[in-house]
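Have a look at the structure below, then the notes.
Values in this text are rule-based calculations from the coordinates and carry no lab data. Everything numeric here is computed off the predicted structure, so don't read it as measured data. Cβ coordinates were reconstructed from backbone atoms using ideal geometry, including for glycine residues, and neighbour counts include every protein chain displayed.
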Amino acid sequence: MEIITSIQEMQKRIQQLKSDGKTIGFVPTMGFLHEGHLTLVEKAREKADLVVMSIFVNPLQFGPNEDFDRYPRDIERDEKLASEANVDLLFYPTVDEMYKSKHTFKVTVQDKVNILCGSKRPGHFDGVATVLIKLFNIVQPTYAFFGMKDAQQVAIVSSLITEFNFPIELVPVETVREVDGLAKSSRNVYLTESERKEAVAISQSLKLAGRLIQGGEENPLEIQKRMETHIMEHTSAEIDYIEIYSFPDLKTVTSISGLVLIAVAIRFTNVRLIDNMTFDV
């Protein structure tokens, strides 16, 4: 595995690979890799000639009271895991390398952001869009792989690729879960032992929603109510939201039909967890 920290060097290397006719699968991450990230790499290996992974904790997508400084980092561990997963190129730039000067331009995401996590984190997806535009220009991937765990991000990245005319195919990958159903996340390390046991209620509530839909329930409000009751009865967490939208356009639905996204966010003492599932009715 080749490790590159310079934008200029990365662009030069990509040009060489593309001149050789290689297709490139890109897995952007913020590091502290887990099985979810490695599943993205696995999918990229199946589809592309070469796999590029970036590790960059992007300060622009963290709000003033969020966990940028606390976000877990372990580059030696990440390098080992990436190498074992057969990543070909690991792009690991510093903040100064990615943002060398004062920003002249500001990227603003105007659609699909005032709901779900976007409503709780103003400016978050502006930061995501900014760094992805930069990374897409640096890496010039054929395919970009994103986990459905953050379905709102997948929907926004799809629009970003379309509106900025990037010649990139977006490949959404299903959420990777622990044995008990909890969605894998770098932030799970912040859960206490008791909170970790309770956290399985998130995926349980989503499966409950699926059973209700299969049973013919069409009222989103009734599904939300049943999910809320389950989470409140089985956890000590505060519910941020339980929301249901059409996917990928993320529009409010009054009746369950077509492809719908059901998304949940709850907050424990030191960590906020998100999860979702899609259902095609």
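Remark on Glu169: its backbone amide H falls under 5 Å from those of Tyr143, Ala144, a criterion applied only to residues 5 or more positions apart or on other chains, H modelled at 1.01 Å from N. The value given for region 184-232 is a Kirkwood hydrodynamic radius of 11.9 Å, derived from the mean inverse Cα-Cα separation. Just the number, please: Stokes-Einstein D of region 81-155 in µm²/s, Kirkwood Rh from C-alpha pairs, 25 °C, 0.890 mPa s. In µm²/s, the coefficient rounds to 168. For a test of the definition: using alpha carbon positions, the gyration tensor, and the 1.5 limit on a/c, classify region 138-281 as rounded, prolate or oblate. Oblate is the answer for region 138-281, as a/c is 1.5 or above yet b/c matches or exceeds a/b.
Once you reduce region 103-121 and region 144-177 to the center of their Cα atoms, the two points are 16 Å from each other. The label point for Glu169 and the one for Glu222, both projected 7 Å from the Cα toward the Cβ, are 4.1 nm apart. The amide H of Thr175, built 1.01 Å from its N in the peptide plane, has Met148, Lys149 as neighbours under 5 Å, considering only residues 5 or more places off or on other chains. With the charge dipole of region 2-173 set up from +1 on Lys and Arg Cβ and -1 on Asp and Glu Cβ about the Cα centre, the Cα lying farthest toward the positive end among the listed residues Gly25, Val173, Cys117 is that of Cys117. Against the main long axis of the alpha-carbon atoms of the chain, helix 35-47 sits at an angle near 60°. The charge dipole of region 18-62, taken about its Cα centre with unit charges on the Cβ atoms of Lys, Arg (+1), Asp and Glu (-1) only, comes to about 120 debye.
By its C-alpha gyration tensor, with a ≥ b ≥ c as the square roots of the eigenvalues, how is region 2-173 shaped: rounded for a/c under 1.5, else prolate for a/b larger than b/c, else oblate? Here region 2-173 falls in the rounded category. Volume per residue of the convex hull around the Cα atoms, evaluated for region 1-77, comes out as 113 Å³. Using the Cα gyration tensor of region 196-281, with a ≥ b ≥ c the square roots of its eigenvalues, what is the shape: rounded (a/c below 1.5), prolate (a/b larger than b/c) or oblate (neither)? Prolate, since a/c reaches 1.5 and a/b exceeds b/c.
Sparse packing (at most 16 other Cβ atoms within 10 Å of the Cβ) combined with a DSSP loop state is found for the following trypsin sites (Lys or Arg not before Pro) in region 5-100: Lys22, Arg70, Arg73, Lys100. Calculated mean residue ellipticity, 222 nm, the chain: -12000 deg cm²/dmol, from DSSP H runs (n ≥ 4) at -39500 (n - 2.57) each, averaged per residue and rounded to 500. The chymotrypsin sites (Phe, Trp or Tyr not before Pro) of region 55-142 that DSSP puts in a loop, and whose beta carbon has at most 12 other beta carbons within 10 Å, are Phe105. The trypsin sites (Lys or Arg not before Pro) of region 196-268 meeting both criteria, a DSSP state outside H, G, I, E and B (loop) and at most 15 other C-beta atoms within 10 angstrom of the site's C-beta, are Lys251. Couplings for region 173-184, taken from phi via the Karplus curve 6.51 cos²θ - 1.76 cosθ + 1.60 with θ = phi - 60°, read 10, 4, 4, 8, 10, 5, 4, 7, x, 4, 5, 5 Hz in order; Gly and Pro are left as x. Principal-axis analysis of the Cα atoms of the chain puts helix 151-163 at an angle of about 50° to the longest axis. Computed extension gain for Glu35 through Thr269, at 0.36 nm per residue and net of the alpha carbon distance, reaches 81.8 nm. Here's how it looks for Met30: its modeled amide H is under 5 Å from those of Phe56, which are all 5 or more places away or on a different chain.
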